[in-house]
Amino acid sequence: MKMKVKGKHAILSLVLLTFGFLIAFSYQHTKTLLFDDQINAEDWEKTFYYRQQLIQFEENNHKLQQEIDQVRLNLLQLENEMAEQLDYMSETVTEKLALQALTGELPIQGTGVFVSLRDHEFVPSKAKIDDYIVHDRHIQMVINELIVAGAEALAINGQRIFSDSHIVCIGPVISVDGNQYPAPFVIEAIGDSETLKESLELSNGIIDLLVNEQIEVEIGKKNQIKMNAKMS
């Protein structure tokens, strides 16, 4: 009878031991799973955080690249505008210098023509000597014709003349702005030499008129004519 009770106790003890082991194993396994889940959750949060940071960085980088592209475009437009302004300024300066040369503020040089006027060498005994010498009107006629033909600058015996210059006949000499010059009177004109010469040599033109008035005329082209600026 006592042997049976002891056998039952042994079996019960074995069952309880087994059950306790299973509970302990189950608890440890559950704890391990929970710990692994916690680790996985932390890793996921870190991965999500870094991914968001990467996305934000890429967005910022894209915005910065757009700003850089816009700045480059603005710089290109500015460079083009500056180049246009420099071209305009260069053209303006060139035009200003050309106008100053034409008005006499600056020296001028170029191709052109010359017209030499001399008193007639032979004067008949009964003729009036005034009919055989060069007068200021003859010089003015040549100058007017040259201006109409496109002369850019004019000079008489090396003295440059301007729009306000005075040419006056004083006996056998010509006064140009107070400076007197004897014959021959050499008129120089800067411009298209071919056009200027053709204009002077037109049939029944200024040269024919001067010859008919007993003036000896010589005309020719010049490759280089230099004229000084107007004295202040």
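None of the figures in this text is laboratory data; all of them are computed from the coordinates on show. Model, not experiment: these values are computed from the prediction. Quick reminder, even Gly has a Cβ in these numbers, built from the backbone with ideal geometry, and neighbours come from all protein chains shown.
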Q | Cβ-based exposure ranking for Met89, Met227, in which fewest neighbours within 10 Å come first | A | Met89, Met227
Q | Distance (nanometres) between label positions extended 7 Å along Cα→Cβ at Thr103 and Lys63 | A | 5.7 nm
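How much net charge surrounds Val211 when only other residues with a Cβ under 12 Å from its Cβ are counted (Lys, Arg +1; Asp, Glu -1)?
Numbers: positive: Arg118; negative: Glu201, Asp208, Glu213, Glu216, Glu218.
It works out to a net charge of -4.
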Q. Which entries of Lys96/Lys222; Lys197/Lys226; Lys197/Lys230 show an alpha-carbon separation above 24 angstrom in the structure shown?
A. Lys96/Lys222; Lys197/Lys230
Q) FRET efficiency for Ile55 and Met89, Cβ-Cβ distance as r, R0 = 45 Å, nearest 0.05? A) 0.35
Q. Among all the aspartates and glutamates, which ones have a C-alpha under 17 Å from Lys221's C-alpha, if same-chain residues fewer than 8 places away are not counted?
A. Glu145, Glu152, Glu188, Asp192, Glu194, Glu198, Glu201
Q: Work out the P(r) tail for the stretch 136-225: percent of alpha carbon pairs separated by more than 19 Å, whole number.
A: 37 percent
**Q.** Value of Rg/Rh across the stretch 178-219 [Cα atoms, Kirkwood radius]
**A.** 1.02
Q. Once you list every other residue whose beta carbon is under 13 Å from the beta carbon of Met141, what net charge do they have if Lys and Arg are +1 and Asp and Glu are -1?
A. -3
